[in-house]
Amino acid sequence: MTQLFQPFPLAGRTLSNRIVMAPMTRSRAPDDVATEAIALYYAQRATAGLIVSEGTPISREGQGYLFNPGIYTSEQVAGWRTATQSVRALGGSMFAQLWHVGRVSHPSIQLQGGAPVSGSSRIAEGGMAYGYLEDGEPGMVATTAPRQLATEEVARVVRDFADAAENAVQAGFDGVEIHGANGYLLEQFLNPLVNDRNDQYEASAMENRLRFALEVVDAVIARIGRERVGIRLSPYGRLYSMPHYDEIDQTYIALVQALGERGIAYVHIMDQSGFVIGEDSTADSVSAKIQKLLRTFRPLLPETALILAGNMTRERAEALIEDGVIDLAGFGQPFIANPDLVARLRNGWPLAQPDRATYYGGNSRGLTDYPPYLAQ
């Protein structure tokens with residue numbers, strides 16, 4: 001049998017296969033608390049070797065989309081516990097994705113209508129958050145100018161990540177994935193064309209713009225242990241006004257080398273080539289650059305698993321695993337309409353197509369009502 005369906009040892013735990021359910025925002029938590037329907041949604045997909053939860057905000061400040069289940073209150077911890085217990089009862093493993101969107105937010109979501117905070121003072125041009133419209137109804141709203149975090153505030157945000165990680169363990173998660181991808185807060189420090197600071201986090205020195213990401217990783221490791229920590233990164237991503245820059249490769253190689261030295265559970269790379277492509281690149285060229293980076297990362301991670309997600313197919317996953325480029329393959333949207341995705345991939349059964357109109361918000365329709373293949 002192909003390695004894709006074989007067990008895999010991940011930082012002291014054994015996954016039933018090498019298929020990862022990648023994090024996907026579903027906006028089904030009306031009170032920002034994971035519900036029984038959300039628990040059922042994850043339980044239906046527990047045959048994945050590893051499930052990474054939808055982005056779960058570490059604080060109200062870190063939220064950029066309404067109706068996402070957070071991990072910063074006791075009610076949220078209790079809500080997530082139902083989901084993790086359900087997944088574990090079915091033999092699955094689950095990490096919580098810790099999320100702070102930074103500037104990709106809107107005052108209607110923030111406490112007392114305050115400005116979103118960021119490592120930068122630059123607006124995410126063209127970015128959209130899911131907040132409240134002028135009539136009070138929820139809807140897509142343009143991101144607004146952020147307030148740059150003062151130097152003394154950064155340590156508090158780092159503690160917010162560590163507190164959220166501890167809450168996640170209390171909620172029954174096997175570990176956490178720090179969201180450092182897709183143009184959110186960590187990347188707002190990493191990208192030198194976004195980071196406009198003039199303190200120890202400033203962009204001109206590589207060590208300084210890596211500093212925040214590594215402070216978050218170190219604080220989370222100190223709180224819950226390195227074997228419970230993963231991180232998601234998106235080299236060459238453009239989501240939310242993230243311009244490409246000359247030192248992309250050097251930046252991520254330096255960051256991944258530092259992560260490898262810390263021996264965390266995994267590094268999860270997001271291939272965004274199917275999303276936003278600029279005039280200077282194509283989907284194929286971006287994907288090729290990412291695959292080249294993966295081969296560079298591999299020897300830098302002797303104790304750390306490497307995951308790739310984005311535009312994943314069984315054939316691509318098998319080839320990259322067999323070649324030793326990655327350890328685990330992440331599938332996102334295919335899991336929406338195929339709760340039994342692992343069985344469908346293993347048996348060559350056709351994949352159901354999801355209804356995009358039900359991706360975000362609403363009720364159980366489009367969340368828990370997709371049948372397994374043999375029940376159709």
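For the chain, what are the DSSP H helices with axial Cα length of 20 Å or more and mean Kyte-Doolittle hydropathy of at least 0.0?
206-224, 248-262, 283-297
Can you check what the net charge comes to around Asp32, using other residues whose Cβ is under 10 Å from the Cβ of Asp32 (Lys, Arg +1; Asp, Glu -1)?
-1
Say R0 is 22 Å: what FRET efficiency, to the nearest 0.05, do Asp196 and Asp218 get from their beta-carbon distance? List each step's numbers first, then the result.
Values: r = 25 Å, r/R0 = 1.12.
So, using R0 = 22 Å, E works out to roughly 0.35.
How many percent of all Cα-Cα pairs in segment 79-154 sit more than 22 Å apart? Don't jump to the answer; show the numbers that get you there.
On the way: 1233 of 2850 pairs.
That tail contains 43 percent of the Cα-Cα pairs.
Rg and Dmax of segment 3-336, using alpha carbons, in Å: what are they?
For segment 3-336, the Cα radius of gyration and maximum Cα-Cα distance read 18.5, 54 Å.
Rounded to a whole number of µm²/s, how large is the Stokes-Einstein D of segment 1-132 at 37 °C and 0.692 mPa s, given Rh as the Kirkwood radius over C-alpha pairs?
This corresponds to a translational diffusion coefficient of 206 µm²/s.
With a 10 Å cut-off between alpha carbons and a GNM built on the chain, which of Arg295, Arg209, Arg26 moves the most?
Per the Cα network of the chain with a 10 Å cutoff, Arg295 tops the list.
At 7 Å along the Cα-to-beta-carbon direction for both Arg316 and Glu303, put a label point, then send me their distance in nm to one decimal.
3.2 nm
Give me the net charge of Gln200's neighbourhood, meaning all other residues with Cβ under 12 Å from the Cβ of Gln200; Lys, Arg count +1, Asp, Glu -1.
Summing Lys and Arg as +1 and Asp and Glu as -1 gives -2.
Only Cα pairs within less than 10 Å get springs; with that Gaussian network setup on the chain, which residue of Ser121, Ser364, Ser27 has the largest fluctuation?
Ser364
For Tyr130, what charge total do you get from the other residues with a beta carbon under 14 Å from its beta carbon, if Lys and Arg give +1 and Asp and Glu give -1? Walk me through the intermediate numbers first.
Details: positive: Arg26, Arg28; negative: Asp32, Glu54, Glu137.
So the surrounding residues net to -1.
Can you tell me, using C-alpha contacts under 8 Å and at least 6 residues apart, the relative contact order of the chain as a whole percent?
For the chain, the relative contact order is 16 percent.
Using only Cα atoms, figure out Rg for segment 308-372 and give it as a multiple of 2.2 N^0.38 Å.
Output field value: 1.25.
Throughout, read-outs are computed from the coordinates displayed, never taken from laboratory work. This is a predicted model, so every value here is computed, not measured. With ideal geometry, Cβ positions are generated from the backbone for all residues, glycine too; neighbour counts draw on all protein chains shown.
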